[in-house]
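Asks: Quick one: structure below, then a few questions.
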Amino acid sequence: MSLWPAGSRRVLVIGIDGVRLDLLPELATPHLDAVAAAGFLAPVEVDDATPTMSGPCWTTIVTGVGVAKHGVYGNHFGGNRLEVFPDFTTRLATTHRRRTFAVGGWEPLFLARQGGPLFTAPGRLSYIAPLEDTPEAWEVCDERVTAEAVSVLTGDDDPQATFVYLGAVDETGHFLGCGEEYRQSIRNADERLGRLLAAVRGRATYAEEEWTVIVVTDHGHLDQGGHGGRSVLERTAWIAACGPGLPAGARVEPLHHTDVAAHVYAALEIVPDPHWTLEGRPFTPVAEPLPVG
Ligand SMILES: [Zn+2]
């Protein structure tokens, strides 16, 4: 018998802004590698309708619908339709009474600034401001975001769905291009991912729980830093995930950013209402061909 009315399922989504897929093979990212080995890591192409900018891409990721529905076309969130197409932490908290949590340091995701917030009504929300707009300040911010997330994930709140936003990698790319500082920032993000995974595994009730972990980036970066255009480097994002229904080493059907929210609902065993008009679908392992003979 389940201790929790809503079951033993839990989901942790870690959004790392602006991480180039092509650089991952040359960087030591053991914690991301562990998620990929336990499930998969696969590319996502930002679709033709979506500017390769953080605002529209993150909105698509957490709502499960594209720009034509959610209405976020840039980094100003004004004119959005999030009341109709809310993020998963809000939808789960308001219509499914699930405990949810969102944390990060980019204002319009969490505050009523620049037309935001994207996360309109999660069960718990933490905004942690970078002290200034520099790569160094963003590393400090992401450290504090990670500490806050670890505290909540191991505390009494017991969120069933959590979104953690890490912004330092993208900021470093904008300020310094995609050189050594950018690469080091990716390693830093991976180390923070490791602490979040350790927090989950360290929960007193971990043995009775079934966790889905999704790590996702929103877009890439040009070599000199910057994005928003249609180049392959800018359009290429990725998703890594592991959990129930995702066998280790799974190959998955081609992915879209809209699939993240769809998978969150599936991982919590919630059947989306057709009125939500989700455009994504849960991550689906490719059926292996039957052995010949
Ligand atoms: Zn971004």
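Only the coordinates and a few stated rules stand behind these numbers; no lab work does. The structure displayed is predicted, hence computed values, not measured ones. Cβ atoms come from the backbone with ideal geometry, glycine included; neighbour counts cover every protein chain shown.
Asks: What whole number of Å gives the distance from the Cα centroid of segment 88-136 to the Cα centroid of segment 142-168?
Replies: Taking the Cα centre of segment 88-136 as reference, the centre of segment 142-168 is 11 Å away.
Asks: With N denoting the number of residues in segment 17-276, provide Rg(C-alpha) divided by 2.2 N^0.38 Å, to two decimal places.
Replies: It is 0.93.
Asks: Name the residues whose placed amide hydrogens come within less than 5 Å of the amide hydrogen of Phe283, ignoring near sequence neighbours (fewer than 5 apart) on the same chain.
Replies: Under 5 Å from the amide H of Phe283 lie the amide H atoms of His263, each far enough along the sequence or on another chain.
Asks: Further question: Under a 5 Å amide H to amide H cut-off, with H placed in plane at 1.01 Å, what residues pair with Trp238 once short-range neighbours are removed?
Replies: So Trp238 has HN proximity to Val44, Thr217.
Asks: Right, next: Sort Val46, Val271, Val145 so that the residue with the fewest other Cβ atoms within 10 Å of its own Cβ comes first and the one with the most comes last.
Replies: Fewest-to-most Cβ neighbours within 10 Å comes out as Val271, Val46, Val145.
Asks: If you wrap segment 187-293's Cα atoms in a convex hull and average its projection over all directions, what's the area in nm²?
Replies: With the hull built on Cα positions only, its mean projection is 11.1 nm².
Asks: How do Tyr73, Tyr206 rank when sorted from fewest to most other Cβ atoms within 10 Å of their own Cβ?
Replies: Sorted ascending by nearby Cβ count, the order is Tyr206, Tyr73.
Asks: Return the calculated 222 nm mean residue ellipticity for the chain, to the nearest 500 deg cm²/dmol, obtained by summing -39500 (n - 2.57) across DSSP H runs with n ≥ 4 and dividing by the residue count.
Replies: -9500 deg cm²/dmol
Asks: Still on this structure: Once amide H atoms are placed 1.01 Å from N in the peptide plane, what residues at a sequence separation of 5 or more from Glu210, or on another chain, have their amide H within under 5 Å of its amide H?
Replies: For Glu210, the qualifying residues are Arg9, Arg10.
Asks: Next up: Explain nothing, just compute: Karplus ³J(HN,Hα) = 6.51 cos²θ - 1.76 cosθ + 1.60, θ = phi - 60°, for every residue of segment 63-80 in order, whole Hz, x for Gly and Pro.
Replies: Rounded to whole hertz, the list is 9, x, 10, x, 4, 4, 8, 7, x, 9, 10, x, 8, 9, 8, x, x, 6.
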